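The values are calculated or read from the model by the stated rules, or taken from the named source; none is laboratory data. What you see is a predicted model; the values in this text were computed from it and never measured. Methodologically, a virtual Cβ is constructed for each residue, glycine included, from the backbone with ideal geometry; neighbour enumeration extends over all protein chains shown.
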Amino acid sequence: MDGIDITQTHLEQEKSFKYLGSIVNGNNSIEEEIKEKISLGNKAFYANQDLFKSKLLTKNSKLQMYKTLVRPVVTYPCETYILKENTKTKLRVFERKVLRKIYGPTKEKDGTWWIKSNEELKRLTGNKNIINYIKTQRLAWFGHVHRMPDNSMVKKSI
């Protein structure tokens, strides 16, 4: 059994726990946290589903709502993410799913319907995807840390 004995009390070692909205685990992996963030992003999207389905709002308004209501839930501590390819893929899949719901299917002249391709979504959003957003946030955080005094704890830890 893993744990610590302190004055006749045995404390069990936790495999992972949530601290300040982030999941901390022993192997320093963010896979579990990304899965949780995507789940919370889905909840945020479906909580506002009536607005996203509304015919009164333009697609640009819905896209702006996604960027201000849903994406921040998924990317909250993104400045510290180490993005592996499988993590990037999960985040892109989540975002494309939401974007397809916002933009909806396209009707051809012959009456057939089809879902927007990844390339069409990239063109519609101007390639401003969730991965580029995370990279921008990380760069901004780096600049913030770089401007800190040399004796700050954050700067010393890097």
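Selection of segment 7-61 for residues being small (Gly, Ala, Ser), surrounded by 12 or more Cβ atoms within 10 Å (Cβ to Cβ) and touching a strand residue (DSSP E or B) at 6+ places or on another chain (Cβ under 8 Å) yields only Ser16.
If you go through segment 122-139 and keep only what is at pLDDT 90 or above and either of a type in the set (Ser, Thr, Tyr) or touching a helix residue (DSSP H, G or I) at 6+ places or on another chain (Cβ under 8 Å) (or both), you end up with Asn129, Ile130, Ile131, Tyr133, Ile134, Thr136, Gln137, Arg138.
When Leu139 is tested against (1) closer than 23 Å to Glu32 by Cβ; (2) surrounded by fewer than 13 Cβ atoms within 10 Å (Cβ to Cβ), exactly one condition is not met: (1). Does Glu36 satisfy the condition of being more than 20 Å from Thr125 (Cβ to Cβ) and either touching a residue at least 60 places away in the same chain (Cβ under 8 Å) or aromatic (Phe, Trp, Tyr) (or both)? Here the answer is no, as Glu36 does not meet what is asked.
Counting residues in segment 93-106 that are out of contact with any Lys or Arg (no Cβ under 6 Å at 6 or more places or on another chain) and farther than 26 Å from Ser39 by Cβ gives one or more. Do you know which residues across segment 96-134 are closer than 16 Å to Glu79 by Cα, surrounded by 14 or more Cβ atoms within 10 Å (Cβ to Cβ) and free of Cβ contacts under 8 Å to residues at least 60 places away in the same chain? Answer for segment 96-134, where residues must be closer than 16 Å to Glu79 by Cα, surrounded by 14 or more Cβ atoms within 10 Å (Cβ to Cβ) and free of Cβ contacts under 8 Å to residues at least 60 places away in the same chain: Asn129, Ile130, Ile131, Ile134.
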